[in-house]
Structure formats: C-alpha cells, structure tokens
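Below is one structure, written out as structure tokens, with a few remarks after it.
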Amino acid sequence: MKIFRAALLATALSLPLAAGAVYAATPADALVIAQNIDDIVALDPAQAYEFSAGEINTNVYDRLVQYEAEDTSTLVGGIAESWEADDANKSITFTIRDAKFASGNPVRAEDVLYSFKRVITLNLTPAFILTQLGWTVDNIDDMVTVDGNTVTVKWDGDFASAFVLNVLAARPASIVDEALVSQHVEGEDWGNAWLNTNSAGSGPFVMTDYRPAELVRLTANENYFRGVPAMKQILIRHVAEAATQQLLLTSGDVDIAKNLTPDQISGLPDDTVKVETYPQAAVHFLSFNQKTDSLTNPAVWEAARYLVDYDGMTETFLKGQMEKHQAFWPKGFPGSYDETPFTYDVEKAKQILADAGVETPINVTLDVINSTPFTDIAQSLQAGFAEAGINFEILPGTGAQVITKYRERTHQAMLLYWGPDFMDPHSNAKAFAYNSNNADDNYTATTTWRNAWAVPQEMNDEVNAALAEPDQAKRNELYVDLQKKVQAESPIVIMFQAALTIAMANNVEGYVNGATSDFVYYRLVTKN
C-alpha cells in the first residue's frame, strides 16, 4: 500500500523527497530513479571523481570526442564535428561543430582551451588524466591552441593519437561554457564552487537542482544539437535502502531502481518490471605478493588459476553481480580478450605443483574487504585452494585498511578489483603488465608494483609499443597479446568482470548503461 500519493504532477516532482516516502506514478515525460548517490563529493568535471558524479557529468556535458548512447564501443565526435590527427607531429586538429550550450551561448573553440586550462590550473583529483599528455600551467597555451573554429591539441610523449583521443573523451575533458562560468568565479576558484551545484554544459540535459544525499534533477536541454530528449526531466532520488527502492519500483513511484540485491531482484513481478544486466569495466582478481617467498614460484600462479571455482560462484551468490572474465581489459571494448581457458580443476592444479616440486602445504594470509560479496568470494577461494594444499587465512578489513596495506606491499595474498581511469586499454595494461622499477621507494599505483612483480622487460617494451602504435587495429592486437601473456603467467589471477543488474518498469525503453558510470545515458529513454 502506498504511503503517500501527490495529487498533482507538479507537486510530485518538486516536493523534497524524504527517504521512505512513496509518490504517485511517474509522468510520461519524466524518468524517476531510485539510487544511492551519497558518494558524490563534487560535480564540477574538473573535480568530480565518484561514480554517481560521472553519470551526471556525462548527461550534462559534451567533450571534443566521446562514446555515445547509440554505440558505447565507438568513439564519435562530440562538440568536434571532425578531426585530423598528425602522429608524426604529435597533434590533433579539431573542427568545432555549430552547437550551443544550454545557456544559449555558442560553443566556441575558446571554450575548449578555457575548459582544459581550468582543469590543469585547479589541479584537482582527475587532472592527472590530462596532465599525462605533458600539459602544465606553464605550457597549456602552447599545447592547446585556437584558430577560428578549430582547436589544435598537442602532446609530449610517445603516445598514439588513438590514446590521446581516449584521454580527451574522459570526464575532466568535458567542455564548459566560459561565458557562464566566468560570471560565478569566487576568488581564484575558476567557478569551482558554483559548478559543484550547477552545470554549464552543452549536453542533452541541464542540472537544475542538486541537494546532497537527497536528489539530482536534470532538465532537457532545448538547445541540444542532436535533438531534445523525450524525457523532459530526469529525477534521481537518493534512496540508500535497497528494500525501499524495491517498494518504490513495485508500487510504480519510480521507473528505475539501481541498487537492489539479488534476492530482491528475483522477487520482482514480471508483469510490471523487467531486469537488465550490464557488464561493467571493473575486473576482480586474486594476487600474490612477490615479497612472500612461498608465492614466487610461477607454478603456484599457474595452479591458482585452476583452483578458482569460477562457474560455481557466478552461478550462485555472484549471479547478476559478476561474470567469468580472465583478462585485464573488460569485454565490450576494442582490444578486449574474452577467452576464459581456466576452469576449476583441483587434480590439474595438484599435478602442476607436483611437477614443479612445490612443497605443500603453503600457508598464506588473504586480505579482503569485509563486505559481501568479497567475503563470500574469499571463503570460496579458501575452500578451493585448500584442496591443493594452499591454505588461506582470511583477514577481513575495511576498504581503506585493505587498500592501504596493498599500497604498502605488506600483504601476502589480496582479493581486490580494478577499474580503468579512462576507456583506453593502456589504462589497464599499465596496471597489469608494466613495472619498469620494482624498488620499494618507487611507489606506483599499479597492481604489478603493489604485488612486487618485476615484469619481464619484453612485456614492459610491448606496453610502450602498444601505447605508441598509430594503427588502431595493430594496437588492439598488441593489447590482446599482452592480456594472453598476463593471463598465462603472472602472479595476478583475474577471475571476474563486474556486472550491474538494474530493475526498471516495463514501459521504459532506450536506457543505456555502459561499462562505467561515465557511460550511463538518458538521452534515448522513452516510456511507452
């Protein structure tokens, strides 16, 4: 039974949305979502680094180039109508299309330079994505130049233009309206405070209301160059409790519920609700620290790949949350390697260890985040590995505790996950297949360094070659080869790719949820 129903549409879409309140059925031109959005710290694309913030940024800002709702695997023009790459001179020249910001101001080449300059100058969390191109406060005016309606972007480093394009499709490369933002500058903040509660983009929606841990309201941008979205309003309600999300969905008061548990998903009514599963970019792995002598024999790494009950886990407690995937780049993107050659085979694992003369039992600690499904995975691994004489002592901890230990290289075995910072294979190749300096005082935010794995020089060289390869097809082949090598022989056992299960009303069509929160699109949504 509904707790409360508003009599008028205007009331239903404007009242403060208290947790647990249930409202009238949603209107035909509005999409109402129940979602936990308390992770938002910032919404300015120069600062935003959280999952929910990425989703909002994607729907209110365009970039020079971007992955779009129609095909999340293909890079297309955003505010750039066309571009010409010159790998030899390390530059790309973009021609800006005839488009307007939501404010009505024209999108200019100068807005691109302004947007990039404010990211570099503010130097907040995601700035590293752009600064890796060699951009600094001192040289940005030379690295990004404007000529009429064209922008030329230069870089310093042995990068293929395909890599640079993927960098420019990332969140901090969002283009903001200089004329509008400049009206809201406080001191030297480049409009940062204002942009954390407002938007200044050219995307399909405008953020018209943001109340932390309460709601985000997006309104259709009447100036959007690809056409005005069918949904005139997107209302994201912060609903932390999964049970409340389920109630709101089944009673017709929201159209989408994003954080339901598998048990709640299985109990939804088929006649009014449908469930969709979307592969996500995060890969989950088991790793062995090479500072632990008993874990340095490659036979241990090989045997480990046959002691994971991949199917047993994904068909039971991980169903709908993860799928079997054994390579470092997630499937669904160019350059992925989707073969899964390893199965749970205790006898084969025992034989590998015996043939290599590995003495068992091996006793090892396994650090894990103390929450589901991670503790469940750890218990499954504990049972499977024990069959071959590898005994895990599970050490649960908070996420911060586990990750801090990982960064300090003081763990033995570790159960964790990794997501790319931007959608280019190099983001994960560097993390899983590159480590040119394994010294303790050379802290590097990669899985290889954190597990003290001194990557063979041949593999390091191949990572650099893939990064610099100008031919995208050849580049993809190099990344596939790297994944095969890491899959075959590394102390990092990649097991799963995350999946996101979302429940929505049967009349919702056109919702797109790509592999990261930056690939969530509302522009094509309709309600029949």
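The values are calculated or read from the model by the stated rules, or taken from the named source; none is laboratory data. For clarity, every value in this text was computed on a predicted model and none was experimentally measured. Cβ coordinates were reconstructed from backbone atoms using ideal geometry, including for glycine residues, and neighbour counts include every protein chain displayed. Protein only, heavy atoms only, side chains kept; ligands, DNA and RNA dropped before computing areas. Shrake-Rupley method; radii C 1.70, N 1.55, O 1.52, S 1.80 Å.
Does Lys484 meet the test of being in contact (Cβ under 8 Å) with a residue 40 or more places away in the chain, of a type outside the set (Phe, Trp, Tyr) and open to solvent by 10 Å² or more (accessible area, probe 1.4 Å)? If you could, list the steps in order and put the result at the bottom.
Numbers: in contact (Cβ under 8 Å) with a residue 40 or more places away in the chain: yes; of a type outside the set (Phe, Trp, Tyr): yes; open to solvent by 10 Å² or more (accessible area, probe 1.4 Å): yes.
Spelling it out, Lys484 is indeed in contact (Cβ under 8 Å) with a residue 40 or more places away in the chain, of a type outside the set (Phe, Trp, Tyr) and open to solvent by 10 Å² or more (accessible area, probe 1.4 Å).
Selection of first residues in the range 376-392 that are acidic (Asp, Glu) and of second residues that are open to solvent by 10 Å² or more (accessible area, probe 1.4 Å) and in a helix (DSSP H, G or I), restricted to Cβ pairs under 9 Å at least 6 apart or on distinct chains, gives the following pairs, ordered by first then second residue: Glu387/Val346; Glu387/Lys350.
Take the range 484-517 and flag every residue that is polar (S, T, N, Q) and more than 22 Å from Gln264 (Cα to Cα).
Initially, the range 484-517 is screened for residues polar (S, T, N, Q), giving 487, 490, 497, 501, 506-507, 513, 516-517.
Selection gives Gln487, Ser490, Thr516, Ser517.
Can you go through Ser199, Ser266, Ser251 and tell me which one is free of Cβ contacts under 8 Å to residues at least 24 places away in the same chain and either more than 27 Å from the chain's Cα centre (by Cα) or on the phi < 0 side of the Ramachandran plot (or both)?
On the way: Ser199 fails: free of Cβ contacts under 8 Å to residues at least 24 places away in the same chain; Ser251 fails: free of Cβ contacts under 8 Å to residues at least 24 places away in the same chain.
Testing whether each residue is free of Cβ contacts under 8 Å to residues at least 24 places away in the same chain and either more than 27 Å from the chain's Cα centre (by Cα) or on the phi < 0 side of the Ramachandran plot (or both) leaves just Ser266.
The sole residue among Glu222, Glu241 that is open to solvent by 40 Å² or more (accessible area, probe 1.4 Å), at pLDDT below 95 and among the acidic types (Asp, Glu) is Glu241.
Checking each residue in the range 142-156 for being without any contact (Cβ under 8 Å) to a residue 40 or more places away in the chain, buried (at least 21 other Cβ atoms within 10 Å of the Cβ) and not in a helix (DSSP H, G or I) picks out only Val144. The residues of the range 57-76 that are of a type outside the set (D, E, K, R), open to solvent by less than 10 Å² (accessible area, probe 1.4 Å) and out of contact with any strand residue (DSSP E or B) (no Cβ under 6 Å at 6 or more places or on another chain), listed by number, are Asn57, Tyr61.
Among residues of the range 165-192 that are under 12 Å from Tyr114 (Cβ atoms), those with a beta-carbon under 6 Å from a residue that is in a loop (DSSP other than H, G, I, E, B) and among the β-branched types (Val, Ile, Thr) at least six positions away or on a different chain give the pairs Ile175/Ile79; Gly191/Val185. If you take the residues of the range 87-126 that are of a type in the set (Gly, Ala, Ser) and touching a residue at least 12 places away in the same chain (Cβ under 8 Å), which of them is nearest to Gly203 (Cα to Cα)? Only one residue fits best here, namely Ala102. Remark: pairs (first residue in the range 300-311, on the phi < 0 side of the Ramachandran plot; second residue among the polar types (S, T, N, Q) and modelled with pLDDT of 95 or more; Cβ separation under 6 Å; 6+ apart in sequence or on different chains) = Asp309/Ser380.
Which helices (runs of 4 or more DSSP H) sit wholly inside the range 431-515 and have at least 2 residues that are among the charged types (D, E, K, R) and over 30 Å from Thr26 (Cβ atoms)? Step through it out loud before you land on a result.
Working: elements: 447-450, 457-468, 472-488.
Ranges flagged: 457-468, 472-488.
Of everything in the range 439-469, what is β-branched (Val, Ile, Thr) and within 13 Å of Ser490 (Cα to Cα)? Give them in sequence order.
Across the range 439-469, the qualifying residues are Thr447, Thr448, Val455.
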